[in-house]
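Student: Handing you this structure, nothing more for now.
The values are calculated or read from the model by the stated rules, or taken from the named source; none is laboratory data. Please read all numbers here as calculations on a predicted model, not as lab measurements. Note: ideal-geometry Cβ built from the backbone for every residue, glycine included; neighbour counts use all protein chains shown.
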Amino acid sequence: MGFSKLASWLGLKKKEAQIIVVGLDNSGKTTILNRLKPDNEQRHDIVPTIGFTVEQFQTKSLKFTAFDMSGQGRYRNLWEAYYQDCNGIVFVIDSCDRLRLAVAKDELDLLLENEHIRNRRIPILFFANKMDKRDAMSSVKCSAVLGLEEIRDKPWHICASNALTGEGLDEGLSWFADQVKEVINSKRK
Amino acid sequence: MMKRDKKEDDNGGLNPFSYLEKTSVLQEGRRFNETPINPRTCCHILTKILYLLNQGEHIGTTEATETFFAMTKLFQSKDVTLRRLVYLGIKEMANIAEDVIIVTSSLTKDMTGKEDQFRGPAIRALCRITDTTMLQSIERYMKQAIVDKVHAVSSAALTSSLHLARQSPDVVKRWVNEAQEAVNSDNIMVQYHALGLLFHIRKNDKLAVTKLVSKFSRHSLKSPYAYCLLIRIACKLLEEEGAGSDSPMFEFLESCLRHKSEMVIYEAAHAIVNMKHTTAKELAPAVSVLQLFCSSPKPTLRFAAVRTLNKVSMKHPAAVTACNLDLENMITDVNRSIATLAITTLLKTGSESSVDRLMKQISSFMSEISDEFKIVVVQAIRSLCLKFPRKHSVMMNFLSSMLRDEGGFEYKKAIVDTIIGIIEENQEAKEAGLAHLCEFIEDCEHTVLATRILHLLGREGPRTPQPNKYIRFIYNRVILENAAVRAAAVSALAKFGAHCEDLLPSIVVLLQRSELDTDDEVRDRATFYLNILRQKQKALNSAYILNGLQVSIVGLERALHQYTLEPSETPFDLKTVPLAVQPTQEMKTAAVAGEIAAPKATEKIAASRQDIYAEQLSRVPELANVGPLFKSSNLPIELTESETEYNVRCVKHTFPHHIVFQYDCINTLNDQVLENVTVQMESADGFEVVRYIPAPKLPYDQPGTCYTLVSLPDDPTAVTGTFSCTLKFLVKDCDPNTGETDEEGYEDEYVLEDVEIVVADHVQRVMKPNFGASWEEVGAENELEDTYALSSMKTLEEAVKNVIQFMGMQPCERSDKVPEGKSSHTLYLGGVYRGGHDVLVRSKLALTENGVTMQITVRSTDSSAAEVIARAVG
């Protein structure tokens, strides 16, 4: 115990962060998380999540514990049970699904108005996923439809991604890691 | 460390969880949300929560859901102990918390993961939270898990499938191939569980089960547990088929007696001795195996053997006699449970001469055995008393000394039951038995037993040669006991006053003292009885003190409720309330012969059966104005052969001026739907069909009910008749798969067997606890007397049985039991005739050279009722 405390104080040990991954069903949340894990732990069969699963992965400076929430309609109301003590939110959007972007916006608005989120400075990372598809919308367009400019009290970032190849994930995550670290540090002080 | 030890000493090794408080524990549950997780603390908190849940603490849905969601956060921990506690927590909360489905993916991840420690528990937890709709999504994983090479995982999946089969049998049925593969596993538990699942999937298909047994009985299973299960399945099959020892199944059972595992040998022996139709020859090898076990050095085997022999000795005492020598040796066994069972077995198989010796042996260690086994001893004594009535004095003394010993309620109840049983069977034992019971209630802590004994004293005491000696015991209760016992004592006293005139003045004095009792019930009873006793009228005494209320309690409640809903000018009439149904003699004998626990349930059902019918009939609007239900016939009469196209069963309901025939019909053709189903009835005896109430629709295999309302003839003595019945209906063909019916149908009919109305349908059995008093109460006004020669009867027992059956009345004063070796007997019957008229019959039977001669005297409050009953036999 003593050693690990000392190590973390010296910055030798990685800080831990709890994040929550949300978004509509079939947007690619589980696939993104799967891609972030080391190669030997990745799975090949991704099935729709029921409820949630816990995944762990690391970046250079942080150790993430991610709650991968199910995006299916009947489970969305369960997201809020995990808002309270998360240090960051990853919101995944299917950038080809123009029709349901409105649904995604509704869910996002609900999330932002939640009592555990509203008054906290909590970083949100948006992935406009499935950028490889031909009719995918650009990240700029997605952010316009979702009305992201209106989020003023929280740091946010959107980037296009392809979970199958991993393209765009590192970019988004390095921004996210920096923000999360800042939040955790400010909390400690 | 020292400090902690001392603290534990102070607590005297108390349960550390015994002072837990629900709210504070649930509050602690919030610590699951903390990051990073502290596994030690969380384990401790989870244990507390599990402890509370297992203690039966009620946790509300909101609280439970909150704790459950906090618990789900623990999935991020990799601590094995903590995670396994989480699985337990999920299982316990599965039915209390909401949205438990949220952990589905986490659990599927764990059950397919690398950590074997997680996989089994995850499967069990997953199957608890999964319902039929969700089962599809985990089906693939379950199939994989069943055939998994890790034994613990495979076993967990198999047992969980068994649980799932209860709610979603169709899905589990599809896993039969996997189960089949798992049976071939080389692990004994997996094999056992797989066989269990396989049987469960096929248990409704008799042919498949037969195949299953014959297949596995041939190529040998490795697991002794699986063998035991196979024996049980085979046994069930044998019983259903009623097959004898020539069946291959029985050969299999016998071959198991030579198995190398003791467990299997015992199971096979147990199965053989418990089969319904076994002959002595078939029994012999099984008993000799048990005999071998009797001298085994392992106490478990000795216990199992002697326990089984004890059971067998009830049915086949002769077969067990061979083991008597071994049993004698076991009397001195260091294990008292084994010794007790050995002695009780010997008591059942032994001769009258050995009883005294064995009883002495038992009493030497009675104080060392547990209540449960003392009850076994008591039951053995009971059956002994039935077998050797002459030994009752030894038994009574023994029982009374047992009554004086320490013991729990169940034990005392068994003794009291036995003493009462002996008193009822054996007149000679009555006085001694009553005396012992009197002594017992002097120091009895069980209210139920005290009231029961007081009731018995009230019934039997007044008719003993010296009734006055019981008064002191009863009055002591009035002074010393709680309200319930005081009330019972007051009732008992009143019965003495009503029956014995010379005691009346003293009883009145005693009852007057209770008029100032602090309890309402006691005071009310005392006042009520005093006022009746002061009238000094035999009829009143008989009606209100000696014979209690004879209506069905449920019926009375409903009638009073109805009366308060529709207030009318006329006062409430107790005669409109249906009478309580007396359990018939056959049921009682079954209760004595069978296990002690089982018949209680059936008696309860029988008592409320008529109330259920009354409820059903009151829901039919067409039958609203026929008046209160008087009686429903006992067992439904089958009007069709079994396995015909339609099954029809008839129940007769008697009303003041009508009879309703209830026909329960089942359509066994899956390609037909019947509509507008009625049963047409025709009779030549003056009965008139008033109305048919059809069953609107009768789909395949769903019971439907139609009614026929028949009015009784005006002549009050014309009460019997025969009806020819025809089932009439509209047939519509339908597709058995989709259930779609054709638009058009056609009329059809089906001839049923005849239905009879007999005298017994008009009479309700009523027990008159004090027949003599009731006889005087009714009086000789409508007395009829007749003499018959019953030439077809060869014995008095046969005559008694037939007379009771013809009249449908209740034998009183236990006069249905003919003492052995007598050539004459008097039978007392009590009943109530349709319309609420009391009917009493005194029938003197004498055995002559050409059959039985019967002189019958009928008294009733109604002249036509007396006439009908007097003619019933002729």
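Student: Could you grab the pairs with beta carbons closer than 7 Å, sequence gap of 6+ or different chains, first residue in the stretch B:830-845 and under 13 Å from B:H762 (Cβ atoms), second one aromatic (F, W, Y) and buried (at least 21 other Cβ atoms within 10 Å of the Cβ)?
Tutor: B:R834/B:F630; B:V839/B:Y833
Student: Cβ-Cβ distance below 7 Å, separation of 6 or more or different chains: which pairs start in the stretch A:43-55 with a residue that is more than 7 Å from chain B (Cβ to nearest Cβ) and under 21 Å from B:D99 (Cα atoms) and end on one that is of a type in the set (S, T, N, Q) and surrounded by 14 or more Cβ atoms within 10 Å (Cβ to Cβ)?
Tutor: If the second residue must be of a type in the set (S, T, N, Q) and surrounded by 14 or more Cβ atoms within 10 Å (Cβ to Cβ), the pairs left are A:P48/A:Q72.
Student: Can I ask one more? Please give the strands (runs of 3 or more DSSP E) falling wholly within the stretch B:752-870 in which 1 or more residues are within 30 Å of B:L457 (Cβ to Cβ).
Tutor: Correct list: B:763-765, B:824-833, B:837-848, B:851-860.
Student: May I ask you to say which residue of B:L126, B:L135 is closer than 22 Å to B:V171 by Cα and surrounded by 23 or more Cβ atoms within 10 Å (Cβ to Cβ)?
Tutor: B:L126
Student: Output the residue which, of all residues in the stretch A:56-86 that are within 18 Å of A:L36 (Cα to Cα) and surrounded by fewer than 20 Cβ atoms within 10 Å (Cβ to Cβ), is farthest from the other protein chains (Cβ to nearest Cβ).
Tutor: Checking each candidate, the answer is A:K60.
Student: Give the residues of the stretch B:21-65 that are away from every other protein chain (no Cβ under 14 Å) and closer than 21 Å to A:E55 by Cα, sorted by residue number.
Tutor: B:C42, the sole residue that qualifies.
Student: In the stretch A:3-33, what count of residues is obtained for those that are within 13 Å of chain B (Cβ to nearest Cβ) and modelled with pLDDT under 80?
Tutor: Number of matching residues: 5.
Student: Could you count how many residues in the stretch B:13-34 are among the aromatic types (F, W, Y) and in contact (Cβ under 8 Å) with a residue 24 or more places away in the chain?
Tutor: Matching residues across the stretch B:13-34 total 2.
Student: Could you identify the single residue in A:I89, A:I50, A:I124, A:I117 that is of a type outside the set (S, T, Y), surrounded by 16 or more Cβ atoms within 10 Å (Cβ to Cβ) and closer than 17 Å to A:V145 by Cα?
Tutor: A:I124
Student: Given the criteria surrounded by 19 or more Cβ atoms within 10 Å (Cβ to Cβ) and of a type outside the set (V, I, T), does B:K817 qualify?
Tutor: no
Student: Residues in the stretch B:66-109 that are of a type in the set (S, T, Y), farther than 20 Å from B:T23 by Cα and more than 11 Å from chain A (Cβ to nearest Cβ): how many?
Tutor: 2
Student: Here is a list of conditions, (1) within 11 Å of another protein chain (Cβ to nearest Cβ); (2) surrounded by fewer than 22 Cβ atoms within 10 Å (Cβ to Cβ); (3) hydrophobic (A, V, I, L, M, F, W, C), and A:L101 meets all of them except one; can you say which number that is?
Tutor: Evaluating A:L101 over (1) within 11 Å of another protein chain (Cβ to nearest Cβ); (2) surrounded by fewer than 22 Cβ atoms within 10 Å (Cβ to Cβ); (3) hydrophobic (A, V, I, L, M, F, W, C) leaves (1) as the failure.
Student: Ok, one more. Being of a type in the set (A, V, I, L, M, F, W, C) and under 31 Å from the mean Cα position of the chain (by Cα) is the filter; apply it to the stretch B:341-361 and report the residue that is surrounded by the most Cβ atoms within 10 Å (Cβ to Cβ).
Tutor: Restricting to residues being of a type in the set (A, V, I, L, M, F, W, C) and under 31 Å from the mean Cα position of the chain (by Cα), the top hit is B:A342.
Student: Turning to a different aspect of this structure: Only residues in the stretch B:618-647 that are of a type in the set (S, T, N, Q) count as the first member; pair them with residues that are modelled with pLDDT under 80, Cβ under 8 angstrom, at least 6 apart or cross-chain, and list the lot.
Tutor: Within 8 Å, the pairs are B:S618/B:A624; B:S632/B:R609; B:S632/B:Q610; B:S632/B:Y613; B:S632/B:A614; B:N634/B:T584.
Student: Kindly establish whether B:D733 is assigned to a strand (DSSP E or B) and without any contact (Cβ under 8 Å) to a residue 24 or more places away in the chain.
Tutor: no
Student: Applying the selection to the stretch B:138-154, what residues are β-branched (V, I, T), surrounded by 16 or more Cβ atoms within 10 Å (Cβ to Cβ) and away from every other protein chain (no Cβ under 14 Å)?
Tutor: Residues satisfying the conditions are B:I146, B:V147, B:V153.
Student: With the requirement that a residue be farther than 16 Å from B:K652 by Cβ and either touching a Phe, Trp or Tyr at 6+ places or on another chain (Cβ under 6 Å) or not β-branched (V, I, T) (or both), what does the stretch B:716-730 give you?
Tutor: B:P716, B:A718, B:L727, B:K728, B:F729, B:L730
Student: Find the strands (runs of 3 or more DSSP E) located wholly in the stretch B:645-698 whose residues include 3 or more that are β-branched (V, I, T), and list them.
Tutor: In the stretch B:645-698, B:646-654, B:658-667, B:672-683, B:688-693 are the strands (runs of 3 or more DSSP E) which contain 3 or more residues that are β-branched (V, I, T).
Student: Okay, next question. Among (1) modelled with pLDDT under 85; (2) under 39 Å from the mean Cα position of the chain (by Cα); (3) over 24 Å from B:T81 (Cα atoms), there is one condition B:G60 misses while meeting the rest; what is its number?
Tutor: That leaves (1) as the condition not met.
Student: Another question about this same structure. Test B:K430 against the criterion of being on the phi < 0 side of the Ramachandran plot, among the basic types (K, R), at pLDDT below 85 and over 31 Å from the mean Cα position of the chain (by Cα), and give yes or no.
Tutor: No: the conditions fail for B:K430.
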